[in-house]
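The structure appears right after this line, and notes come after that.
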Amino acid sequence: MATPAFASIHNWRAVDARLGTSGQPTEAQLADIAAAGYRTVINLALHDDPRYSLPDERAAVEALGMDYVHIPVQFASPQDEDLSRFFAAMDAHRERKVWVHCAANMRVSAFLGLYWTLRDGRPREEAFELLRGLWQPNETWSAFIERSLQR
């Protein structure tokens with residue numbers, strides 16, 4: 001169930017009981033995420049733009065007792081290595097309650113669609129439902145998704 005703090009996080013989505021996704025949360029929203037029982041935060045955004053990042057997200061997350069995984073994915077140039085690191089992070093935290101975010105939930109929705117298709121064997125239509133509800137991938141991301149699906 002969405003708390004008011006979750007509802008105010010940019011592009012927040014409750015995927016299931018153990019997975020939440022969003023754009024960049026504030027420090028106060030990270031506290032709400034921790035209070036809701038999330039134990040790991042995976043951040044796919046960069047740390048170099050104050051419009052889409054916190055001054056020290058790792059410290060904020062760890063101070064709340066959660067694990068922090070940062071996989072900085074350049075929006076204009078997603079890499080296979082980024083996706084591999086994401087798969088490894090999701091696999092490592094599979095049994096935990098995980099919050100995955102980037103600046104606007106775009107990188108996240110693409111990476112999750114690929115994860116669900118390639119790791120969990122979900123049908124593509126189902127796996128990319130979250131993505132379709134958030135955005136239409138541009139040429140770069142469409143090509144990256146198609147290339148990744150050919151792995």
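The values are calculated or read from the model by the stated rules, or taken from the named source; none is laboratory data. No experiment lies behind these values; they were computed from the predicted model shown. Please note: Cβ atoms are built from the backbone with ideal geometry, for glycine as well, and neighbour counts cover all protein chains shown. Note: accessible area is taken over every heavy atom of the protein model, side chains too, but ligands, DNA and RNA are not part of it. Shrake-Rupley method; radii C 1.70, N 1.55, O 1.52, S 1.80 Å.
Values computed for the structure shown
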item: Test set (1) loosely packed, with under 15 Cβ neighbours inside 10 Å; (2) among the hydrophobic types (A, V, I, L, M, F, W, C); (3) more than 14 Å from the chain's Cα centre (by Cα) - A60 fails condition number; result: (1)
item: Pair list, Cβ < 8 Å and 6+ apart or interchain, from region 113-127 residues that are in contact (Cβ under 8 Å) with a residue 12 or more places away in the chain and aliphatic (A, V, I, L, M) to residues that are open to solvent by 80 Å² or more (accessible area, probe 1.4 Å) and in a loop (DSSP other than H, G, I, E, B); result: L118/R151
item: Tally of residues being touching a Phe, Trp or Tyr at 6+ places or on another chain (Cβ under 8 Å), of a type outside the set (D, E) and part of a helix (DSSP H, G or I) across region 117-139; result: 3
item: Counted residues, region 1-28 - those being of a type in the set (S, T, N, Q), touching a helix residue (DSSP H, G or I) at 6+ places or on another chain (Cβ under 7 Å) and either at pLDDT below 95 or exposed (fewer than 14 other Cβ atoms within 10 Å of the Cβ) (or both); result: 1
item: Complete set of residues in region 68-95 that are closer than 21 Å to W135 by Cβ and surrounded by 19 or more Cβ atoms within 10 Å (Cβ to Cβ); result: I71, V73, P78, L83, F86, M90
item: Some residue of region 51-68 being of a type in the set (K, R) and under 23 Å from F6 (Cβ atoms); result: yes
item: Residues (in contact (Cβ under 8 Å) with a residue 40 or more places away in the chain, open to solvent by 10 Å² or more (accessible area, probe 1.4 Å) and either more than 17 Å from D67 (Cβ to Cβ) or hydroxyl-bearing (S, T, Y) (or both)) located in region 29-45; result: Y38
item: Failed criterion for G65 (all others in (1) surrounded by fewer than 19 Cβ atoms within 10 Å (Cβ to Cβ); (2) on the phi < 0 side of the Ramachandran plot; (3) at pLDDT 95 or above; (4) assigned to a loop (DSSP other than H, G, I, E, B) hold); result: (2)
item: Any hit, region 100-109, residues being part of a helix (DSSP H, G or I), open to solvent by less than 20 Å² (accessible area, probe 1.4 Å) and out of contact with any Leu (no Cβ under 9 Å at 6 or more places or on another chain); result: no
